[in-house]
Amino acid sequence: MPEAHAASPDARPYDALLLLSFGGPEGPDDVVPFLENVTRGRGIPKERLKEVGQHYFLFGGVSPINDQNRALLDALRKDFADHGLDLPVYWGNRNWAPYLTDTLREMVTDGRRRVLVLATSAYASYSGCRQYRENLAESLAALEAEGLEPPKIDKLRHYFNHPGFVRSMIDGVLKSLADLPDDVRAGAHLAFTTHSIPTAAADTSGRTEEHGDGGAYVKQHLDVARLIADAVREETGVAHPWQLVYQSRSGAPHIPWLEPDICDHLEERHAAGVPAVVMVPIGFVSDHMEVLYDLDTEAEAKAAELGLPVRRSATVGADPRFAAAVRELVLERAATESGRNVTPCALGALGASHDLCPVGCCPARASKPAAAGADSPYV
């Protein structure tokens, strides 16, 4: 355990943790307004949004992500209290209530001046990191426009290779393999799946003059997949073949996105004679709509059509080990900010990610101010 974690819990200089997430509708009447928030500025007609919203209407217009964030909040607060860490935890969303600006306003009213942010995305990419930092900058600017003094905000580093994130996924794969019929278990392949993004965004993820040529999104996922596959081999004695695949593509057909798609992959594996597949959603913190529909509904329907046995392993969700990992990341960052020695906790070949996103990290097509990074206008 790192040195800073062995001492009595001390989150100073931070006085609050903010759980920052995507948000989701909580009823049929919320679906189109929610999608309008998600697609604002793209000029997508309302009728088209109603078509897109059919995924949500299949589940009563309710995305599971908000309830899952509530469960994670409870897990974090319990873990902090159980370990004597006196740090209040707030929650704000990008696209639905509780909205980020409202939550930051509440935090300012409560006297919070130094805020640490946990985003529900574990990897480097524009949509998973930089865009959240842009959202933070927009909200801080809104508070300034109201005459409020915005708090200083930092963001926890990418936690894709933290043991508390990886271990629960290993256990999920082991459970899914054990749930397969005996005659197909040993030959099962592992399909590690994550959100597809444009190849241009993948190529520039993590790209900076100081930190190399990019490609961090794919590299980080491959590192986690390798960690899990190796651990499964060690615990079962079986080396299950594996591949990183993608899901949830939403862009224009002429724009290249990361491939192969999970359904195409299932067809290819079935044609190759693979007896079973375990789908491992390493790119997702919880079982939100893109897991519930794209894997549990669409991909499982494809597998049933093929006659291919499949299982879908669990995301980390509110696993107590993940809550503990967040506490360790908070104390690690607090120690660094206070000038104390700390050894970052990370598995795999890539090591711990940077604490402070450097200038040019995960660039967007249009440059916007972004908080919680080296290029932040809020210091």
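The values are calculated or read from the model by the stated rules, or taken from the named source; none is laboratory data. Every value quoted in this text rests on a predicted model; they were computed, and no experiment measured them. Quick reminder, even Gly has a Cβ in these numbers, built from the backbone with ideal geometry, and neighbours come from all protein chains shown. We work out accessible area using only protein heavy atoms, side chains counted, and drop any ligands, DNA or RNA first. Shrake-Rupley method; radii C 1.70, N 1.55, O 1.52, S 1.80 Å.
Overview of values
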{"item": "With all protein chains modelled, accessible area of ARG226 [1.4 Å, Å²]", "result": "110"}
{"item": "Formal net charge of residues neighbouring ALA239 (Cβ-Cβ distance under 15 Å; K, R +1; D, E -1)", "result": "0"}
{"item": "Nearest-20 debye value, the range 241-288 charge dipole, Cβ charges on Lys, Arg, Asp, Glu", "result": "60"}
{"item": "Length-normalised contact order of the chain in % [C-alpha pairs under 8 Å, at least 6 apart]", "result": "25"}
{"item": "Relative contact order (percent, whole number), the range 1-139, Cα cutoff 8 Å, 6+ residue spacing", "result": "38"}
{"item": "Rounded to the nearest 20 debye, dipole of the chain from Cβ charges on Lys, Arg, Asp, Glu", "result": "540"}
{"item": "Between helix 320-337 and the chain: long-axis angle, C-alpha atoms, 0 to 90°, nearest 10", "result": "40"}
{"item": "Cα principal axis extents for the range 34-106, largest first, Å", "result": "51, 28, 14"}
{"item": "Under 14 Å, Cβ to Cβ, from HIS288 - net charge with Lys/Arg +1 and Asp/Glu -1", "result": "-3"}
{"item": "Given LYS50/LYS219; LYS175/LYS302; LYS46/LYS155; LYS78/LYS155, the pairs whose alpha carbons are separated by over 24 Å", "result": "LYS50/LYS219; LYS46/LYS155"}
{"item": "Cα-centre dipole for the range 59-175 with unit charges at Cβ (Lys and Arg positive, Asp and Glu negative), debye to 20", "result": "400"}
{"item": "Per residue Cα convex hull volume in Å³ - calculated over the chain", "result": "148"}
{"item": "Folded to 0 to 90 degrees: helix 65-82 orientation relative to the chain principal axis, Cα", "result": "60"}
{"item": "Under-5 Å amide H pairs with ALA372, H placed in peptide plane, nonlocal only", "result": "ILE153, TYR378"}
{"item": "Residue-normalised accessible area of the chain, given per residue in Å² at a 1.4 Å probe", "result": "43"}
{"item": "Longest DSSP-loop-exposure-free segment, GluC sites (Glu not before Pro), the chain, at most 11 other Cβ within 10 Å", "result": "211-379"}
{"item": "Cβ-defined net charge surrounding ASP261, 14 Å radius [Lys, Arg +1; Asp, Glu -1]", "result": "-4"}
